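A short write-up of the structure that comes next.
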Amino acid sequence: MPDLVSQVISEIFSGEISTVVSPQESQKPDLSNLAKYIDHTILKPDATEPQVTKICEEAKEYKFASVCVNPFWVKHSANLLKGTGVDVCTVIGFPLGASSTASKMDETKQAIADGATEIDMVINIGALKSQNYQMVLEDIKGVVKAANGTLVKVIIETCLLTDEEKIQACILSAEAKADYVKTSTGFSTGGALEEDILLMRKIVGPKIGVKASGGVRTREDAIKMINAGATRIGASAGIKIVSS
């Protein structure tokens, strides 16, 4: 795996390959219905039951792709959203990614048992930065295995990574058969940047989703991310985005 990572990084930065394929080269993004891109999000630690209920009711009304809630609120959200077509997304190893793989797998299984239909896991950032690529790969593979077909997004926390580390994280996520790569937890030093979405899309190509999360607050922000290659937007400002 390290040899493959090094080879791809070398080719990208030397200009031998510029992209796998850009979204613009495959098909123009559909901006007519922004709601379908949005994971309506409430992950703050002091979120209350009425606040989570409100997020779910809003997601039903605006037909957002999903709600994204902490694991404690999965069962409540799943009960509220049953039969609505709105998915229930939760976070695993959140927000640091420093849990053991076994812990992440157990957390994933419990979340799915409670009704989660999408899993956003945080990559082992320290292992990645230590160049322990096999550990990172096995960590993601463990969650994908525990998810057993449930959609998995891998949060790579771009604000803490160099460009080379971002590339490595995307390659490892693809190798582990994750469904998406995602920029940020929203709880670190920065959020989604257009240049990161462009880079991530170039690496994973058209078959894996890219989620922009953290700091996407306006319609203009969302459109910029989608045009750069994002296929999902994580935001607490979903109503503002679709209503402006």
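The values are calculated or read from the model by the stated rules, or taken from the named source; none is laboratory data. The structure displayed is predicted, hence computed values, not measured ones. Don't worry about glycine lacking a Cβ; one is built from the backbone with ideal geometry, like all the others, and counts go over all protein chains shown.
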- Can you tell me which residues in region 49-81 are over 27 Å from residue 31 (Cα atoms), touching a residue at least 24 places away in the same chain (Cβ under 8 Å) and not polar (S, T, N, Q)? 49, 52, 71, 73, 74, 75, 76, 78, 80
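Listed here are the residues, each with its yes/no results for (1) over 16 Å from the mean Cα position of the chain (by Cα); (2) part of a helix (DSSP H, G or I); (3) closer than 22 Å to residue 99 by Cα; (4) among the acidic types (Asp, Glu).
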| position | (1), (2), (3), (4) |
| --- | --- |
| 137 | yes, yes, yes, no |
| 186 | no, no, yes, no |
| 217 | yes, no, no, no |
| 227 | yes, yes, no, no |
| 230 | no, no, no, no |
- Message: Pairs needed: first member in region 136-148, free of Cβ contacts under 8 Å to residues at least 40 places away in the same chain; second member anywhere, assigned to a helix (DSSP H, G or I) and charged (D, E, K, R); C-beta distance under 9 Å; at least 6 residues apart or different chains.
- Response: 139/104; 140/175; 141/175; 147/109; 148/109
- Residue list for region 182-222, restricted to those being in contact (Cβ under 8 Å) with a residue 60 or more places away in the chain and within 14 Å of residue 161 (Cα to Cα): 182, 185, 188
- Taking only region 178-233 into account, find how many residues are in contact with a Lys or Arg (Cβ under 6 Å, 6 or more places away or on another chain) and of a type in the set (S, T, N, Q). 1
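Rundown of residues vs (1) among the aliphatic types (A, V, I, L, M); (2) in contact with a His (Cβ under 9 Å, 6 or more places away or on another chain), yes/no style:
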{"site": "44", "(1), (2)": "no, no"}
{"site": "47", "(1), (2)": "yes, no"}
{"site": "50", "(1), (2)": "no, no"}
{"site": "59", "(1), (2)": "yes, yes"}
{"site": "67", "(1), (2)": "yes, yes"}
{"site": "71", "(1), (2)": "no, no"}
{"site": "80", "(1), (2)": "yes, no"}
{"site": "85", "(1), (2)": "no, no"}
- So which of 163, 179 ends up being of a type in the set (Asp, Glu), closer than 29 Å to residue 223 by Cβ and in contact with a Leu (Cβ under 6 Å, 6 or more places away or on another chain)? 179
- The listed residue being over 28 Å from residue 136 (Cα atoms), modelled with pLDDT of 95 or more and of a type in the set (Lys, Arg), out of 60, 104, 109: 60
- So residue 159 clears everything in (1) part of a helix (DSSP H, G or I); (2) of a type outside the set (Gly, Ala, Ser); (3) under 14 Å from residue 90 (Cα atoms); (4) out of contact with any Lys or Arg (no Cβ under 6 Å at 6 or more places or on another chain) except one condition, right? Which one? (3)
- Message: So in region 35-57, with the set limited to residues that are over 13 Å from residue 77 (Cβ atoms) and among the hydrophobic types (A, V, I, L, M, F, W, C), which one is nearest to the chain's Cα centre (by Cα)?
- Response: 38
- Task: Test residue 170 against the criterion of being touching a Gly at 6+ places or on another chain (Cβ under 6 Å) and assigned to a helix (DSSP H, G or I), and give yes or no.
- Result: no
- So which pairs qualify, if the first residue must be in region 229-244 and at positive phi, the second must be of a type in the set (Val, Ile, Thr), the Cβ gap must be under 7 Å, and the two must be at least 6 apart or on different chains? 229/197; 229/210
- Task: Kindly establish whether residue 226 is in contact with a Pro (Cβ under 7 Å, 6 or more places away or on another chain) and modelled with pLDDT of 95 or more.
- Result: yes
